[in-house]
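*Asks:* What follows is a structure written as structure tokens; I'll ask about it next.
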Amino acid sequence: MAGPNYAGNIIVNLANLPDFLRKPILKKRMMEFFSLSDPEKEEIINNALEAGPTIPFPNFSKLFKTWLEILTTLTEEEREGLFYAYIIEITQSPQKLITFNLDGILEIYLTLDDEKKGILAKTVKKIINSLEDERKRRVLLVIPDNAKKHLNL
């Protein structure tokens with residue numbers, strides 16, 4: 001990356017906030033994402049993927065759960081746009097996902113209620129199934145089998 005990881009710093013700070021502050025700030029930042037240029041979106045995603053594994057897992061888990069919960073409140077188009085951007089980056093650099101505690105991330109997802117899990121699984125499945133074969137193969141290689149089962153992939 002060319003400069004400081006401002007987005008990564010924001011993510012680390014968000015992870016340390018109490019729920020009542022974290023949720024509205026994170027939602028605002030997520031909504032701002034849609035007004036960014038493609039290079040800015042790519043930088044934000046790269047910074048988030050870089051910062052995530054550096055956050056102590058108890059803090060990361062609170063932040064990630066909040067992120068998932070907010071995603072379920074977005075429109076399908078917004079949710080697809082955000083997930084698609086992350087999935088494309090992961091297909092280009094699968095090693096970025098490997099540094100995460102993927103079993104822990106799955107456990108966070110499983111704590112959501114069934115309606116929220118269904119909304120997220122539907123979106124992820126739709127995006128992955130729409131990928132060209134090589135990108136699809138790459139992303140499926142880094143997703144643990146247990147997660148594939150829960151996402152119906």
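*Asks:* Hey, could you check region 106-152 for residues that are outside any helix (DSSP H, G or I) and more than 17 Å from the chain's Cα centre (by Cα) and say which is surrounded by the most Cβ atoms within 10 Å (Cβ to Cβ)?
*Replies:* Leu131
*Asks:* List the helices (runs of 4 or more DSSP H) that sit entirely inside region 5-67 and contain at least 1 residues that are out of contact with any Leu (no Cβ under 7 Å at 6 or more places or on another chain), under 17 Å from Gly104 (Cα atoms) and touching a residue at least 40 places away in the same chain (Cβ under 8 Å).
*Replies:* Of the helices (runs of 4 or more DSSP H) lying wholly inside region 5-67, those with at least 1 residues that are out of contact with any Leu (no Cβ under 7 Å at 6 or more places or on another chain), under 17 Å from Gly104 (Cα atoms) and touching a residue at least 40 places away in the same chain (Cβ under 8 Å) span 38-51.
*Asks:* Is it true that Leu14 is within 30 Å of Glu134 (Cα to Cα), of a type outside the set (Gly, Ala, Ser) and either crowded, with 18+ Cβ neighbours inside 10 Å or within 15 Å of the chain's Cα centre (by Cα) (or both)?
*Replies:* no
*Asks:* Another question about this same structure. Determine, yes or no, whether Leu63 is under 11 Å from the mean Cα position of the chain (by Cα), closer than 22 Å to Leu140 by Cα and not small (Gly, Ala, Ser).
*Replies:* No.
*Asks:* So which residues in region 26-47 are surrounded by 15 or more Cβ atoms within 10 Å (Cβ to Cβ), more than 14 Å from Tyr86 (Cβ to Cβ) and hydrophobic (A, V, I, L, M, F, W, C), if there are any at all?
*Replies:* Residue satisfying the conditions is Leu26 alone.
*Asks:* Please identify the pairs in which a residue from region 90-117 that is over 17 Å from Lys149 (Cα atoms) and charged (D, E, K, R) has its Cβ atom under 6 Å from the Cβ atom of a residue that is modelled with pLDDT under 95 and surrounded by 12 or more Cβ atoms within 10 Å (Cβ to Cβ), counting only partners at least 6 apart or on another chain.
*Replies:* Taking only residues 6 or more apart or on different chains, the pairs are Lys96/Leu49.
*Asks:* Has region 119-142 got at least one residue that is under 22 Å from Thr66 (Cα atoms) and touching a Lys or Arg at 6+ places or on another chain (Cβ under 6 Å)?
*Replies:* So far as region 119-142 goes, yes, one or more of its residues are under 22 Å from Thr66 (Cα atoms) and touching a Lys or Arg at 6+ places or on another chain (Cβ under 6 Å).
*Asks:* Moving to a separate point now. For region 87-98, how many residues are part of a helix (DSSP H, G or I), surrounded by fewer than 18 Cβ atoms within 10 Å (Cβ to Cβ) and not β-branched (Val, Ile, Thr)?
*Replies:* 2
The values are calculated or read from the model by the stated rules, or taken from the named source; none is laboratory data. Here the structure is a predicted model, which is why all the values come from computation and not from measurement. Quick reminder, even Gly has a Cβ in these numbers, built from the backbone with ideal geometry, and neighbours come from all protein chains shown.
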